[in-house]
Amino acid sequence: MRKTSALLLSGLAAAVALAATAPAMAQSKGDWTLGVGVHAVDPKSDAGDLNGAALGLGKLSTKVDSDVKPTVTFEYFVADNIGIEVLAALPFKHDVSINGVGKVGETKQLPPVVSLQYHFTNSSKVTPFVGLGVNYTKFFSTDSKGALAGTKLKLEDSWGLAAHAGLDFAVSDKGALRVDMRWADIDTKVKVNGNSLGTAKIDPLVYGVAYVFKF
């Protein structure tokens with residue numbers, strides 16, 4: 001969380017400075033934008049309890065750590081101020097831990113999101129926007145560690161809703177610095193040696209900054 005806060009504050013300070021004298025960037029039907037930035041996936045502090053009966057254990061309180069990676073977005077405006085955005089990123093890597101036991105695994109995931117977004121019309125150089133969409137999370141390269149070393153750990157892929165909100169600070173008539181936040185509903189079924197332990201509710205917040213270019 002400390003890392004993501006520093007990321008957002010740095011981006012916000014730069015955006016305010018650059019937007020001070022810049023013209024506003026408008027979005028019209030038929031426009032495309034490309035955004036390149038960096039984002040942190042910050043899962044909620046408690047991913048919930050798993051049922052460890054298949055391992056001869058009781059409840060297993062789980063946690064998934066955060067990671068930061070470069071991201072890219074494409075948005076096509078189907079109407080003035082209304083766009084369809086696709087988010088992609090390099091794979092995020094997360095450690096999986098059990099409280100009182102420590103790290104028991106690690107995994108990588110790709111979380112592409114498709115959102116319908118509305119960019120509010122105003123006369124200032126700062127444009128807020130909101131969006132709602134669908135997230136698909138693909139887990140791969142999942143390995144067991146620590147107390148689960150030698151077992152086969154599997155996290156199943158997830159579908160869920162995703163929400164998006166942010167601010168675009170215009171730096172030219174075709175460019176803006178974006179500060180944004182997302183929430184994604186990511187619930188993954190956890191299996192060890194084929195035995196189901198239940199569902200981990202990761203549900204991360206995703207913070208980031210990006211440069212958005214209109215063409």
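The values are calculated or read from the model by the stated rules, or taken from the named source; none is laboratory data. Here the structure is a predicted model, which means the values were calculated and not measured. Every residue, glycine among them, receives a Cβ derived from its backbone with ideal geometry; neighbour counts consider all protein chains shown. The accessibility values were calculated without ligands, DNA or RNA, using every heavy atom of the protein model including side chains. Shrake-Rupley method; radii C 1.70, N 1.55, O 1.52, S 1.80 Å.
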Worksheet item: Convex hull volume of the Cα atoms in segment 118-202, per residue, in Å³?
Response: 122
Discussion item. Along the charge dipole of segment 47-93, pointing to its positive end and built from +1/-1 on Cβ of Lys, Arg, Asp and Glu, which listed residue (77, 88, 55) has its Cα farthest out?
Written reply: 55
Practice prompt. Could you do me a favour and compute the accessible area per residue for the chain, 1.4 Å probe, result in Å²?
Written response: 48
Item to complete: Provide, for q = 0.13, 0.20, 0.32 Å⁻¹, the log10 of I(q)/I(0) from a solvent-free Debye sum over equal Cα point scatterers in segment 72-124.
Response: -0.54, -0.77, -1.12
Item to complete: Could you tell me the largest-minus-smallest coordinate of the C-alpha atoms of segment 54-142 on each of the three principal axes, in descending order and whole angstroms?
Response: 61, 23, 23
Item to complete: Considering only 116, 205, 55, give the residue with the highest GNM mean-square fluctuation for the chain, with springs between Cα atoms whenever their separation is below 10 Å.
Response: 55
Discussion item. Below 17 Å, Cα to Cα, which aspartates and glutamates can residue 145 reach? Residues fewer than 8 away in the same chain don't count.
Written reply: 65, 95, 106
Practice prompt. With the Cα gyration tensor of segment 169-215 in hand, convert its eigenvalues to equivalent ellipsoid semi-axes via √(5λ) and list them largest first in whole Å.
Written response: 40, 10, 6
Discussion item. Using the crude model of +1 on Lys and Arg Cβ and -1 on Asp and Glu Cβ, and no other charge, please compute the dipole size for segment 30-166 relative to its Cα centre, in debye to 20.
Written reply: 440
Worksheet, complete the sentence: With -39,500 (n - 2.57) per DSSP H segment of 4 or more residues and division by the full residue count of the chain, the 222 nm estimate, nearest 500 deg cm²/dmol, is -3000 deg cm²/dmol
Discussion item. Quick query: amide H of residue 31 versus all other amide H atoms, modeled in the peptide plane; which residues come in under 5 Å with a sequence gap of 5 or more or a different chain?
Written reply: 77
Item to complete: For the chain, give the percent of accessible area contributed by carbon and sulfur heavy atoms, probe 1.4 Å, rounded to a whole number.
Response: 63
Discussion item. How far apart, in nanometres, would the label points at residue 157 and residue 124 be if each is projected 7 angstrom from Cα along the Cα-to-Cβ direction?
Written reply: 4.2
Worksheet entry | Length released on extending from residue 76 to residue 187, taking residue separation times 0.36 nm less the Cα-Cα span | 37.1 nm
Worksheet item: Given the pairs 103/189; 69/191; 138/214, which span a C-alpha to C-alpha distance of over 24 angstrom in this model?
Response: 69/191; 138/214
Worksheet item: Once the convex hull of the C-alpha atoms of the chain is built, how many Å³ does it hold per residue, rounded to a whole number?
Response: 98
Practice prompt. Convert each backbone phi in segment 146-162 into a coupling constant with the Karplus relation 6.51 cos²θ - 1.76 cosθ + 1.60 (shift: θ = phi - 60°), then list the ³J(HN,Hα) values in order as whole Hz, x for Gly and Pro.
Written response: x, 5, 9, 4, x, 9, 9, 9, 9, 10, 7, 5, 9, 10, x, 6, 9
